[in-house]
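Since every read-out is calculated from the coordinates, none of them should be taken as a lab result. In this text the structure is predicted, and so the values were computed from the model without any measurement. Note that each Cβ is placed from the backbone with ideal geometry, even for glycine, and that neighbours are counted across all protein chains shown.
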Amino acid sequence: MIGITYLPPLVRMPKEGAPATSDVIAHIAYCSKRIGAEHVGIGSDFITDQPAERYQEFLRKPEVYGTWPWRFPVDSLQQQQELLESLLAQDLTRAQVEGIAQGNFMRVFKTVLS
């Protein structure tokens, strides 16, 4: 399983500009095509309002990770719902999108915990 994060330095390198929701959608679509949608999930790690100290490792290399505070391409549950709906235009079925939203990780968790 791969969890697609919204953490800006991992969505798009800073020198290429601030990441957008379309970058996250492209990342999910790319991973789904490469390894199969059943192996992709949302690893959003919503970290709004966190202190910079929590991310010291990232902040030590601004040339790689950009500068704090980051602008998240998806920073609310409403935007996440919109992102998931947008995936239907990426040749993903509703069942695949539901898997990406929660089902794929739940399947793995149940398998590991049983």
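Summing Lys and Arg as +1 and Asp and Glu as -1 over all other residues whose Cβ lies under 14 Å from the Cβ of T93 gives a net charge of -2. Volume per residue of the convex hull around the Cα atoms, evaluated for the chain, comes out as 117 Å³. Annotation for the stretch 23-114: trypsin sites (Lys or Arg not before Pro) lying in DSSP loop with at most 12 further Cβ atoms inside 10 Å of their Cβ are R60, R71. Hey, what angle do you get for helix 21-35 against the long axis of the chain, alpha-carbon based, 0 to 90 degrees rounded to 10? The answer is roughly 50 degrees. Distances between placed amide hydrogens fall under 5 Å for I4 paired with G41, I42, G43, all partners being 5 or more residues away or on another chain.
Of G99, G43, G17, the residue with the greatest mean-square motion in the GNM of the chain, using alpha carbon springs below 10 Å, is G17. Taking the C-alpha atoms only, the angle from helix 104-113 to the longest principal axis of the chain is near 80 degrees. For the stretch 51-114, what class follows from the C-alpha gyration tensor (a ≥ b ≥ c being the square roots of its eigenvalues): rounded when a/c is under 1.5, otherwise prolate if a/b is larger than b/c, else oblate? Oblate is the answer for the stretch 51-114, as a/c is 1.5 or above yet b/c matches or exceeds a/b. Placing +1 on the Cβ of every Lys and Arg and -1 on the Cβ of every Asp and Glu, with nothing else charged, gives the chain a dipole about its Cα centre of roughly 300 debye. Once the Cα atoms are used to define both axes, helix 77-86 deviates from the longest principal axis of the chain by about 50 degrees. Spin-label model, R71/A89: points 7 Å from Cα along the beta carbon direction are separated by 2.1 nm.
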